[in-house]
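Here is the structure we will look at, set down as structure tokens.
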Amino acid sequence: MAAVRSMNKMYGVCFHVVRQTAGLKVSRLLQHRAFRVGAVQRQQPFDSTLEKPQFPGASADFVDQLDFIQPNVISGIPVYRVMDRQGNIINPSQDPQLSKETVLNFYQKMTLLNTMDRILYESQRQGRISFYMTNYGEEGTHIGSAAALDPNDIVFGQYREAGVLMYRGFPLDLFMAQCYANADDLGKGRQMPVHYGSKDLNFVTISSPLATQIPQAAGAAYALKRENMNRAVICYFGEGAASEGDAHAGFNFSATLECPLIFFCRNNGYAISTPTNEQYRGDGIAARGPGYGMLSIRVDGNDVFAVYNATKEARRRAVAENQPFLIEAMTYRIGHHSTSDDSSAYRSVDEVNYWDKQDHPISRLRHYMTTRGWWSEDDERSWRKQSRKTVMEAFERAEKRLKPNVELMFTDVYQEMTPGLNKQRESMWRHVQQYKEHYPLDLYDK
């Protein structure tokens, strides 16, 4: 939490979720919210003469028939999209009308991320870095959501949101420095690869344990609300992390404390090797929102415009109304979970190829640009060559840099070195001096 407190102070969508199949209308959701807010402000007057439930924990009527609520009462939540797979706008009223420059920036960031992934993945396979996680197939969720935020909004990522940080201006040199744990790494070489963070870009450092960022994001959003700073928090996580207890805590705190927070779930089909049909029995993650009193929406995560529209509206309303929103972006993890995983053990090549060749967020956006004459084959060849060259240059610079100063192992925990730490430091240096042939200190920054 020290890292959260040190980030300036903090502040924070949804849409008309038409629940025709389940009978839930937006007006009803807002009525429920109005009652809930009223209940928070003051206890409803008690009238013992009314033949209706007076329980303080819910708003309902009595019934005289025993009937269990079916688990599919709100199943079949529709998937909001703007473009079809060929990049055609389906409903012109939903076209975000973004400029050519903005759309080209979307595309170039998505493809640059893809290129960086390929080079760093191969570098791990060659033993040059210790670990890596690709973002293949999920680029649309990153760029679409990042573009809809204000730069002052705070981001809590999981470990597959490098595109969000890239869109905010995090340079390739720092991506490489973090993965190589060299002297330029903002984290001073203390984290394993892909655990990025940037205080300047309001991106809280990634932590490996699943879902710990969810209650932290709720706390940060509550702080922003109290400061009334017109800022929001967005918290990314996968559908697997939504099974953690921390997800419940974060959802419930943010709803009851009415925090300006966007919960952004990347439902990519797998929690490492566990498919969604073995993770939950309900209708995905968006179906959980109403149970917490949150407005929710399900979007096509491979449609960058749908992600952009949903996040933009969620952000606007989260800040204006001080309430959390839940976005479930349906997408697919084309790559292995990480370099420690072999996904061929639990899914078919045909399954992966379908998403890679027929429903990829990058190809969909390219179709959109080509139809408008904004992008050509020559543009594609030129950009791919240029982007690979740019990534390789950053890669080579990072590989040549020294490792962080060894003394940094003992800093940034206490303001002043404690006796215990001093003892450990002295012990380490004795060991290094005794076995110096095993410790090439010339590779470390002085």
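SER208 passes every criterion in (1) within 22 Å of PRO260 (Cβ to Cβ); (2) modelled with pLDDT under 95 apart from (1). Residues of segment 318-330 that are more than 15 Å from ASP283 (Cα to Cα) and not aliphatic (A, V, I, L, M): GLU321, ASN322, GLN323, PRO324, PHE325.
Look through ALA147, ALA181 and report the one residue that is open to solvent by 10 Å² or more (accessible area, probe 1.4 Å) and in contact with a helix residue (DSSP H, G or I) (Cβ under 8 Å, 6 or more places away or on another chain).
On the way: ALA181 fails: in contact with a helix residue (DSSP H, G or I) (Cβ under 8 Å, 6 or more places away or on another chain).
After ruling out the rest, the residue left standing is ALA147.
Just for segment 226-238: of the residues that are over 17 Å from ARG316 (Cβ atoms) and of a type outside the set (A, V, I, L, M, F, W, C), which one is nearest to the chain's Cα centre (by Cα)? Steps first, answer last, please.
As a first pass, look at segment 226-238 and keep what is over 17 Å from ARG316 (Cβ atoms): 226-227, 235-238.
Within this subset, residues satisfying the condition of being of a type outside the set (A, V, I, L, M, F, W, C) are 226-227, 236, 238.
Details: ARG226: 24, GLU227: 24, TYR236: 3, GLY238: 8 Å.
Looking at the filtered set, the residue picked out is TYR236.
Residues satisfying the criterion are absent from segment 212-225 (criterion: of a type in the set (Phe, Trp, Tyr), more than 12 Å from the chain's Cα centre (by Cα), within 24 Å of ARG333 (Cβ to Cβ) and not in a strand (DSSP E or B)). Would you confirm, using the coordinates I've provided, whether MET409 is surrounded by 13 or more Cβ atoms within 10 Å (Cβ to Cβ), of a type outside the set (Gly, Ala, Ser) and at pLDDT below 95? Yes. Within segment 87-124, the set of residues being within 14 Å of GLY335 (Cα to Cα) and open to solvent by 70 Å² or more (accessible area, probe 1.4 Å) comprises ARG118, GLU122. Taking MET176 as meeting all but one of (1) assigned to a helix (DSSP H, G or I); (2) closer than 26 Å to GLN216 by Cβ, write down the number of the exception. Of the numbered conditions (1) assigned to a helix (DSSP H, G or I); (2) closer than 26 Å to GLN216 by Cβ, the odd one out for MET176 is (2).
Kindly establish whether GLY335 is farther than 23 Å from LEU186 by Cβ, within 25 Å of the chain's Cα centre (by Cα) and small (Gly, Ala, Ser).
Against the criterion (farther than 23 Å from LEU186 by Cβ, within 25 Å of the chain's Cα centre (by Cα) and small (Gly, Ala, Ser)), GLY335 qualifies.
Considering only segment 300-310, I want to know if a residue exists there that is more than 30 Å from ASP95 (Cβ to Cβ), under 19 Å from the mean Cα position of the chain (by Cα) and of a type in the set (D, E, K, R). First the steps, then the outcome.
If we filter segment 300-310 for residues that are more than 30 Å from ASP95 (Cβ to Cβ), which is where we start, we get none.
No; the residues of segment 300-310 include none that is more than 30 Å from ASP95 (Cβ to Cβ), under 19 Å from the mean Cα position of the chain (by Cα) and of a type in the set (D, E, K, R).
Evaluation of GLY137 against the conditions (1) under 20 Å from the mean Cα position of the chain (by Cα); (2) assigned to a helix (DSSP H, G or I) shows that the sole unmet condition is (2).
The number of residues in segment 170-188 being within 17 Å of SER123 (Cβ to Cβ) and not hydrophobic (A, V, I, L, M, F, W, C) comes to 6.
The values are calculated or read from the model by the stated rules, or taken from the named source; none is laboratory data. None of the values given here were measured: they were computed from a predicted structure. Ideal geometry is used to build each Cβ from the backbone, glycine not excepted, and the neighbour counts take in all protein chains shown. All accessible areas refer to the heavy atoms of the entire protein, side chains included, with ligands and DNA or RNA removed. Shrake-Rupley method; radii C 1.70, N 1.55, O 1.52, S 1.80 Å.
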